[in-house]
1. Within the stretch 68-91, find all residues whose amide N lies under 15 Å from a label point positioned 7 Å from the Cα of Asp118 along Cα-to-beta-carbon.
2. Taking only Cα atoms and a 10 Å spring cutoff, compute GNM fluctuations for the chain and point out the largest among Leu113, Leu131, Leu33.
3. Just for the Cα atoms in the stretch 30-117, what are the lengths along the principal axes, largest first, rounded to whole Å?
4. At a 10 Å Cβ-Cβ cut-off, how would you order Glu53, Glu116, fewest neighbours first?
5. I need the phi-derived Karplus couplings for the stretch 56-67: 6.51 cos²θ - 1.76 cosθ + 1.60, θ = phi - 60°, integer Hz, Gly and Pro marked x.
6. Taking the Cα centre as origin and putting +1 on Lys and Arg beta-carbons and -1 on Asp and Glu beta-carbons, what dipole magnitude results for the stretch 78-145, to the nearest 20 debye?
7. What FRET efficiency do you get for Thr143 and Asp49 if R0 is 35 Å and r is their Cβ-Cβ distance, rounded to the nearest 0.05?
8. Take the alpha carbon atoms of the stretch 8-37, find their center, do the same for the stretch 75-145, and report the distance between the two centers in whole angstrom.
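Quick note: the coordinates plus some simple rules give every number you see, no bench work behind them. In this text, all values refer to a predicted model and were calculated from it rather than measured experimentally. Cβ placement follows ideal geometry from the backbone for every residue including glycine, while neighbour counts extend to all protein chains displayed.
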Amino acid sequence: MKKKFIAYLERIGMTIPLINRIDEIYHFYHEILSEEIIDIQVTDFIKDDGSREYENCWFFSSTYAMEAKLFISQEDFDMSPMRKRIDYWSIGKQNYDFKKATDKSRLVVHFSLIGETDGDLKASKENCDNLKEIFIKYILPNTII
């Protein structure tokens, strides 16, 4: 797995066993995909008790979005081409100015692809900054006008 992915996972507070799990998922997609995996986004949220819950793991290439749903406990993988296929997106944000995340920042990006496929990307705290970059790099440019 790329060093920048490991640095990101450490930055959002992941433990070694979770990083190793994501490394397995990365290698699964790397084996079946004929192009480079460029970016990663782990969806997370803050539970009522203040702890962080990691949910899904997304990888992005220049053409595809790949999602490992409930990656900690399941083996549920999918992949969809994104290039010029997004026909709707929405953003919900809380305590986030789209510049610099704080411990109170929350961000949710929902998008729909032609063909009735959709995705939800959630982030909390410093992970909001990464999700903002994913939105700018993959969602916006692939929105059909």
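1. Taking a point 7 Å out along Cα→Cβ of Asp118, the residues of the stretch 68-91 whose backbone N falls under 15 Å are 86-91.
2. Leu33
3. Computed over the Cα atoms, the extents are 40, 30, 24 Å.
4. Fewest-to-most ranking of Glu53, Glu116: Glu116, Glu53.
5. Along the stretch 56-67, the couplings run 10, 10, 10, 10, 10, 10, 5, 10, 10, 10, 10, 10 Hz.
6. 260
7. E(calc), rounded to 0.05, equals 0.40.
8. 19
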